[in-house]
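Just below is one structure, and these are the notes that go with it.
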Amino acid sequence: MRKPRVLLVLAAAALAAACGVQPTGVVPAGPGPSIRATTGPNVLGGLTLYFVSDGRVIPVTRPTEGFISPEGAVTLLLQGPTDREAAQGLTTFVPPELGKLRVYSGDPSSLALPYSVRKLSDQAINQLVCTVIAASTAAGRAPHSPGVNVISPNEDVYFQSCKAD
């Protein structure tokens, strides 16, 4: 007989605790949640490349329809700005004949050049480094390090951070 009395008291306490709560109407809070990746190989939307405008390295987002690896991003950078981007005053200091570059993931990532880093301007190196960092981040491999190791044949490794506007 003691159990029903305890249950009755608990039920009455629960009802009393709910008193005073006023019902509300629908509160608009924006679109409902969706399940989709915001980074990684399933992202459709854009890839950030870095070009030069008035001597400064700036980000440019190009639409993409699939995953672009950091090496793929550098390949697009080597092709230079599109006609539309060039009409907006964007240019590149990265020579298209730079050739095959290798990007190695890690923290920091590494960018292996086919020839001496000394043959490139500061803007060109910065364009490459910033593009590698942006593409690595989009691929879900965001480094904790603020830069990239730039490696050229028969030379030391140079650490370079992204210096863009």
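The values are calculated or read from the model by the stated rules, or taken from the named source; none is laboratory data. Remember, predicted model here, so these are calculated numbers, not experimental data. We place every Cβ from the backbone using ideal geometry, glycine too, and count neighbours over all the protein chains shown.
With (1) surrounded by fewer than 16 Cβ atoms within 10 Å (Cβ to Cβ); (2) touching a residue at least 12 places away in the same chain (Cβ under 8 Å) as the list, and PRO108 as the residue in question, which single condition is left unmet?
The single condition PRO108 does not satisfy is (1).
Which of the residues that make up segment 99-141 are at pLDDT 90 or above and in a loop (DSSP other than H, G, I, E, B)?
Result: SER121, single match.
Residue check, ILE58 against (1) crowded, with 20+ Cβ neighbours inside 10 Å; (2) assigned to a strand (DSSP E or B), all met but one. Which one?
So the condition that ILE58 fails would be (1).
Kindly provide the set of residues from segment 81-125 that are in contact with a Phe, Trp or Tyr (Cβ under 7 Å, 6 or more places away or on another chain) and closer than 19 Å to PRO59 by Cα, ordered by number.
Of everything in segment 81-125, those that are in contact with a Phe, Trp or Tyr (Cβ under 7 Å, 6 or more places away or on another chain) and closer than 19 Å to PRO59 by Cα turn out to be PRO81, GLU85, LEU90, THR91, THR92, SER121, GLN123, ALA124.
Condition first: loosely packed, with under 14 Cβ neighbours inside 10 Å and of a type in the set (D, E, K, R). Now tell me which residues in segment 73-89 satisfy that.
Within segment 73-89, ASP83, ARG84 qualify.
So is THR131 among the β-branched types (Val, Ile, Thr) and surrounded by fewer than 18 Cβ atoms within 10 Å (Cβ to Cβ) or not?
Against the criterion (among the β-branched types (Val, Ile, Thr) and surrounded by fewer than 18 Cβ atoms within 10 Å (Cβ to Cβ)), THR131 does not qualify.
Quick check on my filter: what residues within segment 113-140 are without any contact (Cβ under 8 Å) to a residue 40 or more places away in the chain and under 21 Å from the mean Cα position of the chain (by Cα)?
ALA124, ILE125, VAL129, ILE133
Scan segment 48-73 for residues that are closer than 10 Å to THR131 by Cβ and modelled with pLDDT under 90 and report the count.
Final tally of qualifying residues: 1.
Would you mind telling me which numbered condition in (1) assigned to a loop (DSSP other than H, G, I, E, B); (2) at pLDDT 90 or above SER34 fails?
All conditions pass for SER34, except number (2).
If you scan segment 66-98, which residues turn out to be closer than 21 Å to ILE151 by Cα and part of a loop (DSSP other than H, G, I, E, B)?
SER69, THR92, PHE93, VAL94, PRO95
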